[in-house]
Each structure stands twice: as structure tokens, then as C-alpha cells.
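Q: Dropping a structure here in C-alpha cells format, bear with me for questions.
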Amino acid sequence: DQQVKQNSPSLSVQEGRISILNCDYTNSMFDYFLWYKKYPAEGPTFLISISSIKDKNEDGRFTVFLNKSAKHLSLHIVPSQPGDSAVYFCAASSGSARQLTFGSGTQLTVLP
Amino acid sequence: NAGVTQTPKFRVLKTGQSMTLLCAQDMNHEYMYWYRQDPGMGLRLIHYSVGEGTTAKGEVPDGYNVSRLKKQNFLLGLESAAPSQTSVYFCASRPLMARGGGRQETQYFGPGTRLLVL
């Protein structure tokens, strides 16, 4: 049973517009959430994160929102750029070793 | 710093063969992890290590063994490869503490090893 779900396998947006990627989780023990970006034939690279005690974290064009009651988080990218085209993974952290549980990813395509 | 490196980049095995994947990190991180990624799925944790000489099972450990004899290296072994182990394998590492103090949450990933088992 997937504990972290990304229900949209793909998303296309126009350059300059906002991209919104969504993620849902079921395990209440998750206390930290991260977004990773992945280009083909490369490893995931860290993008932005949020602790469960916060509801928003912003870093430049990227903002992550957390709704604990709904067990939902989202990543906003504004404005979107063609270089943002990649697979975005949502991940949740738990346990003493801070193991990550990943969603299945969303392929974002930003059209010029 | 090279960060996290993985060897080899690509390998083809026949069913029943064995091999070892090497992960090396030069950041003096305490924690190291092995994940696999299959099409349409996220990364799944195979094994992890919280320090030199220690290992633990993750979500999908069957068919794999690991060793962490040196802090900078984390080896993933397949004793008898099966087609179901065809996947892309990623290694990651994480320091115990963040630079400003407090727990470090971010894991840093290597470029991956693509394994095909025929």
C-alpha cells in the first residue's frame, strides 16, 4: 500500500505560468517532507523541504505548502521555466534513520 | 568533492550471476542508503546503514546483502541475480547533523547504476 502518492503522472504548463504538483500521504508518523527533482540518467537532486510543524516554506521560485489535516502537500513553481522540465518526486521522512518514502513521481513539462 | 559516486554505471547480468555495486561518498556522512527505482514507481529503500559496521533492512531487502566496512563505502550485493532485480539502483548519503546544528534531513544521491538481468 503506497504511503506517499502522486496521482498525476504528468503535467504540462506554459513557460511563465505556475506549476502545481501535488502529493498525498497516509502515514501520520511522517514528520518531514522533501521534494526532489530528477533529470534522465541522473540521480535525484534535493529541491525544497518542509517540517510538519510548518505549513509553508519558500525558496525563490519554489514554495511548498503542507496541509497536515488533509495529509496533503503541494509544490508551486512560479514562474515556470523550460529548465524546470523534469520528474518531481515527493518524499516523506520517518524513523530514527530518517528513511525516505517516495511517491511515484510527476513528469513536469514546461512548454516554451 | 565528488559527492556520491556509484560504480558501475551500467551492467548486464545473466540469471544466477552475482555482482557487487559500489557506492562511495567523500563527505564524511554517517548515513548511507540503497534504493531501487522501477518504471512508474518511486524509489524504494533496500538497505541502509547508520554508521560504519552497521546495516539494516529497508522496505525491499530480499535478494540483496550489504556491507559497510568503511565509513565512505556502502556495498550492495546480489548473490544470485533474478530478472525481477532489473532496475536502476541509487545510493544516497546523509550527515547526522546539519551545518547549523539540528538534524539533517536531506539525502544526497549518486547518479545511479542501471542493471539488466537477463
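Q: Just to confirm a number: summing +1 for Lys and Arg and -1 for Asp and Glu over residues other than B:L116 whose beta-carbon lies under 11 angstrom from that of B:L116, what do you get? It would help to have the intermediate numbers written out before the result.
A: Values: positive: B:R11, B:K14, B:R114; negative: none.
Taking every other residue near B:L116 into account, the sum is +3.
Q: Can I ask one more? Given A:K54/B:K57; A:K5/A:K56; A:K71/B:K71; A:K37/A:K71; B:K9/B:K71; B:K14/B:K71, which pairs have Cα atoms separated by over 27 Å? Could the numbers behind the result be given before it?
A: On the way: A:K54/B:K57 31 Å; A:K5/A:K56 20 Å; A:K71/B:K71 36 Å; A:K37/A:K71 21 Å; B:K9/B:K71 22 Å; B:K14/B:K71 31 Å.
From the list (A:K54/B:K57; A:K5/A:K56; A:K71/B:K71; A:K37/A:K71; B:K9/B:K71; B:K14/B:K71), the Cα-Cα distance tops 27 Å for A:K54/B:K57; A:K71/B:K71; B:K14/B:K71.
Q: With both bridge residues required to lie in chain A, what share of the DSSP beta bridges run antiparallel, to the nearest 5%?
A: Values: 38 of 43 bridges.
About 90 percent, rounded to the nearest 5.
Q: I would also like to ask the following. How about the range B:49-94: which trypsin sites (Lys or Arg not before Pro) there are in a DSSP loop, with at most 12 other Cβ atoms within 10 Å of their Cβ? It would help to have the intermediate numbers written out before the result.
A: Working: sites: B:K57, B:R68, B:K70, B:K71; in loops: B:R68, B:K70, B:K71.
Here the sparse-neighbourhood loop sites are B:K70.
Q: How high is the relative contact order of chain A, in percent, counting Cα pairs under 8 Å that sit 6 or more residues apart? Show your work: numbers first, answer last.
A: Details: 270 pairs, mean separation 41.1, N = 112.
Value for chain A: 37 percent.
No lab work stands behind these numbers, since they all come straight from the coordinates. Note that this is a predicted model, so its numbers are computed, not measured. Neighbour counts run over all protein chains shown; Cβ positions are idealised from the backbone, glycine included.
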